[in-house]
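The values are calculated or read from the model by the stated rules, or taken from the named source; none is laboratory data. All of these numbers come straight from a predicted model, not from anything done at the bench. Because the Cβ atoms are built from the backbone with ideal geometry, glycine has one as well, and the counts that use them run over all protein chains shown. Please note that ligands, DNA and RNA were not included when accessible areas were found on the heavy atoms of the full protein model with its side chains. Shrake-Rupley method; radii C 1.70, N 1.55, O 1.52, S 1.80 Å.
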Amino acid sequence: MQCIVCRDKSKTFESGILKNLGLEVVKEYEVSNFFSLETYEAVMDSKMLQIPLFGIFYEEGVGGGGVIERFLAYAIEKKENLYYYPKPNVYLQVDSVALFALFGGHTPERLLIETFYKEQLLSTQYRNNLHKRLAQKFHFSSKRITLEGRPLSNLSKDWKLFEDNVANTLDITTRAKEFYPAPVHINLGTINKCNLKCSFCFFFAPEYVKTHTTDFFKEYRILDSKIVYAIMDYSAKHDSIIDLVGPCEMLVDKRIPDFIKYGKDAGVRWISMTTNGLLLDEEMADRLLESRLDSLSISIDAATPETYAKSRGGNFEKLVRNVESFLTKIEKRKVDIYITLSIILQGGAEEEVEMFKEKWSAYKAVNEIYVRNLVEKNNEGMEVSHDRNFDTSCRYTCQKPWDEIHINPDGGVMPCCTMAGAIGWENKVMGNLYEESMDAIWTNCITQKMRLDLIKGDFREWKICKDCEEWSYRSVEQENGDVLSPCIEFVKVN
Ligand SMILES: C[S@@+](CC[C@H](N)C(=O)[O-])C[C@H]1O[C@@H](n2cnc3c(N)ncnc32)[C@H](O)[C@@H]1O
Ligand code: SF4
Ligand code: SF4
């Protein structure tokens, strides 16, 4: 049988697997990105063939071991398009799709829409409408078989289809490094101090602090520079992206621009940061812009000083001045940095969202506005409010321990933000960077046990996981083409 293959420009392709399956590769495409015009071209060509297309974006040595073959065999039997794409880009939720049958119907059209969307030529709303219109016009189900996050471990309901073929769970955990050589996404917080005490903050709000049971915030903790540099090198080596966010205000740590600069010089693909913006004065703004930070998210949370005073309690006028001046610098100097501004729906901010969008979308330097739902916790650190549109009735395996890590200022490594957000109540870690390397922690026995326990649904040792709903976090494409994201509305403005 004949097939077409797409491969990543920088990767070698293991053609042996296809030969073993009796497939003859009639054409190979080199593509730079999964969502690209080259892939579109390949999809169009593949329509002539018996086996439409295998998009295999392979790294030699990764993804072998029988699992890929089994998926391919399934695709041959069903004549499905099948893609294996282990390298996510910065749009974690979308491009970390690793293995999937693309979209079911109207693959080329949908691929083209997604390609333009990723290139920021379409707004989210316009892109969703296009998907919706396609689905309506051709009366097809837009439900796609995808697995967002790193997939082979995932026993989600999306993959019921493949259930019989899926490698057994033990195999996946023992061979974790083969499939998941390193986390895709590293959250890094370098200190445990903040210049505010926002009323909704799990770390510093007096109401929450009263109920804290760990000693994490009792002493000042600051991560050793050597560890930060080692994390930057590790990320560059493994192509992980770094998000500077933690139980703190990052800009209280004046070393931050130097860390970013080091990381970018070392080759980290993407470094982002979240800040409350109050310490973003002229000097810090210049240092950050010179550091080559890729993206900055500023939590503003209000459009009036009164609302700001109630929830965040800082100097609103100063914040607005800082942000305006920062945005103007970006525009004047034409710096390539992705800016998002966020507002949490609480404390009166609900009524100010339109004013907020209007004011800040006037700046060309602002790319996106996040409208976040408020998350609340009980006095044991468990989340109690979720305004999420997700069906969590069918629990499937959480992707986070395969995808992500969160590094705390005391060197502790956790699998996700939910656990890190509960650090005032439970400081349970997979390992500590003062004792073990990142590489060792990634597959040490605690991490492996956690992965296996979560696959088996055994939460006895994982209190936070038991009631967590974060495992269902993913942007889900609905039948009508709308994309739902659980707790943030992303508004692309420029
Ligand atoms: C914990 S903060 C740390 C970074 C920085 N200090 C800041 O406030 O931007 C990270 C992000 O979480 C958001 N956040 C904090 N508490 C929240 C809550 N209870 N519900 C939803 N978002 C929250 C903040 O607005 C911020 O955008
Ligand atoms: S600025 Fe950020 S870390 Fe500080 S109290 Fe507010 S939400 Fe928490
Ligand atoms: S189940 Fe929740 S708490 Fe546990 S690893 Fe996943 S996201 Fe984190």
In nm, spacing of pseudo-spin labels at residue 1 and residue 116 (7 Å Cα→C-beta vector): 3.3
Accessible surface, 1.4 Å probe, highest first, among residues 460, 269, 451: 460, 269, 451
Residue 461 accessible area, assembled protein chains, probe 1.4 Å, Å²: 90
Potential extension, residue 265-residue 205 segment - 0.36 nm per residue separation minus Cα distance: 17.9 nm
Potential extension, residue 467-residue 328 segment - 0.36 nm per residue separation minus Cα distance: 45.6 nm
For residue 305, net neighbour charge (Lys/Arg +1, Asp/Glu -1) across residues whose Cβ lies under 14 Å away: +1
Extension reserve of the residue 45-residue 336 stretch, reckoned as 0.36 nm per residue once the Cα distance is removed: 101.2 nm
Rounded if a/c under 1.5, otherwise prolate or oblate - the stretch 174-305, Cα gyration tensor axes: oblate
Ranked order, 403, 239 - accessible area, probe 1.4 Å, largest first: 239, 403
Heavy atoms of residue 286 accessible to a 1.4 Å probe, total area in Å² rounded to 10: 40
Local electrostatic count at residue 267 - Lys and Arg +1, Asp and Glu -1, tallied over other residues with Cβ under 13 Å: +1
Candidate residues 211, 340: accessible-area rank, largest first, probe 1.4 Å: 211, 340
Local electrostatic count, residue 186, Cβ distance below 13 Å [Lys/Arg +1, Asp/Glu -1]: -3
